[in-house]
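The values are calculated or read from the model by the stated rules, or taken from the named source; none is laboratory data. Bear in mind the structure is a predicted one, so any value in this text is a computation, not a measurement. Positions of Cβ are generated from backbone atoms using ideal geometry, with glycine treated the same way; all protein chains shown enter the neighbour counts.
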Amino acid sequence: MKTKYFRDKELVELVRKDDSIAFKYLHEKYSGKMFLYAFSVIKNKEVCEDIIQNIFVNIWSKRKEVKVADIKSYLFRAVKYQIFNYFRDRKIPMEDITRLNIVDMSIDASKKMEYHELEEVILTSVNKLPKRCKYIFELSRFEHKSNKEISIELKISIQAVKNQISKALAFVRKDLKNDEHLFYFICFSSNLDRFI
């Protein structure tokens, strides 16, 4: 069976039916990009390898339960979640994280937020964006499309895409600061597009 000719949705269905070849192909297709993205943030080869391995082990062990419409988004969302946990669990000094230029924070130290709570806060803020800006931001951050893919889909320049994403990020940062929420917002404007 030539699994490389299957679409992701079909591969996921095959994995749910215990097809180890389809699972291996999914791993080969995405693990490298996932590792590069994680490494661009964490800068630790062993930690990043563990993160990617754990994600795929979890997918295989729960393959009967997994119902995913977009496996690429699901996988990169899983990487984001693991990165969030990595920073949270190690109580990395805020100034060190800020220096990495991949995590922006406006902090209320008395508050603790879990990842899913943080996402809800971010989505509330994103929903306040102008319609077109919101759509472009969602394509970039939630559907993990590259600037080039978005520009082709919307028939606009890559620079126009970048401008809208920058505008959205600036608005969300300001909005969350005003609400005094703990904000571990992993910014993908300079990182994620290189790996998808």
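Being in a helix (DSSP H, G or I) and at pLDDT 90 or above, is that true of even one residue in segment 78-86?
no
Please name all residue pairs, on different chains or six or more residues apart, with Cβ atoms under 8 Å, provided the first residue is in segment 127-155 and is over 17 Å from R173 (Cα atoms) and small (G, A, S) and the second residue is surrounded by fewer than 17 Cβ atoms within 10 Å (Cβ to Cβ) and at pLDDT 90 or above.
Taking only residues 6 or more apart or on different chains, the pairs are S151/S157; S151/I158; S151/A160.
Condition test on H116, is it modelled with pLDDT under 75, touching a helix residue (DSSP H, G or I) at 6+ places or on another chain (Cβ under 7 Å) and under 19 Å from F76 (Cβ atoms)? Show your work before the answer.
Values: modelled with pLDDT under 75: yes; touching a helix residue (DSSP H, G or I) at 6+ places or on another chain (Cβ under 7 Å): no; under 19 Å from F76 (Cβ atoms): yes.
So H116 fails the test.
Picking from D193, D179, D108, which residue would you name as being among the charged types (D, E, K, R), under 16 Å from the mean Cα position of the chain (by Cα) and at pLDDT below 65? Talk me through it step by step, then tell me what you get.
Numbers: D179 fails: under 16 Å from the mean Cα position of the chain (by Cα); D108 fails: under 16 Å from the mean Cα position of the chain (by Cα).
Answer to the selection: D193.
Looking at segment 17-31, can you tell me whether even one residue there is touching a helix residue (DSSP H, G or I) at 6+ places or on another chain (Cβ under 7 Å) and either among the small types (G, A, S) or assigned by TED's automatic domain parsing to the domain that holds E143 (or both)? It would help to see each step written out before you state the result.
Within segment 17-31, the first condition is being touching a helix residue (DSSP H, G or I) at 6+ places or on another chain (Cβ under 7 Å), and the residues that meet it are 21-23, 25-27, 30-31.
Cutting the leftovers down to either among the small types (G, A, S) or assigned by TED's automatic domain parsing to the domain that holds E143 (or both) gives us 22, 31.
Within segment 17-31 (the criterion being touching a helix residue (DSSP H, G or I) at 6+ places or on another chain (Cβ under 7 Å) and either among the small types (G, A, S) or assigned by TED's automatic domain parsing to the domain that holds E143 (or both)), the answer is yes, since at least one residue qualifies.
When you go through K162, K145, K167, K155 one by one, which is the residue that is under 20 Å from Y74 (Cβ atoms) and at pLDDT 80 or above?
On the way: K162 fails: under 20 Å from Y74 (Cβ atoms); K167 fails: under 20 Å from Y74 (Cβ atoms); K155 fails: under 20 Å from Y74 (Cβ atoms).
Testing whether each residue is under 20 Å from Y74 (Cβ atoms) and at pLDDT 80 or above leaves just K145.
Residues checked against (1) in the same structural domain as Y74 (by TED's automatic domain parsing); (2) of a type in the set (V, I, T); (3) surrounded by fewer than 17 Cβ atoms within 10 Å (Cβ to Cβ):
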site	(1), (2), (3)
V126	no, yes, no
K134	no, no, yes
K155	no, no, yes
A168	no, no, no
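Tell me, please, whether a residue that is surrounded by 14 or more Cβ atoms within 10 Å (Cβ to Cβ) and at pLDDT below 85 can be found in segment 4-19.
There is at least one residue in segment 4-19 that is surrounded by 14 or more Cβ atoms within 10 Å (Cβ to Cβ) and at pLDDT below 85.
How many residues does segment 32-49 hold that are outside any loop (DSSP other than H, G, I, E, B) and more than 18 Å from R77 (Cβ to Cβ)? Please lay out each step first, then the result.
Of segment 32-49, the ones outside any loop (DSSP other than H, G, I, E, B) are 32-42, 45-49.
With more than 18 Å from R77 (Cβ to Cβ) added as a condition, the list becomes 45-47, 49.
Number of matching residues: 4.
May I ask you to list the residues in segment 20-45 that are free of Cβ contacts under 8 Å to residues at least 24 places away in the same chain and more than 20 Å from the chain's Cα centre (by Cα)?
Within segment 20-45, S20, I21, A22, K24, Y25 qualify.
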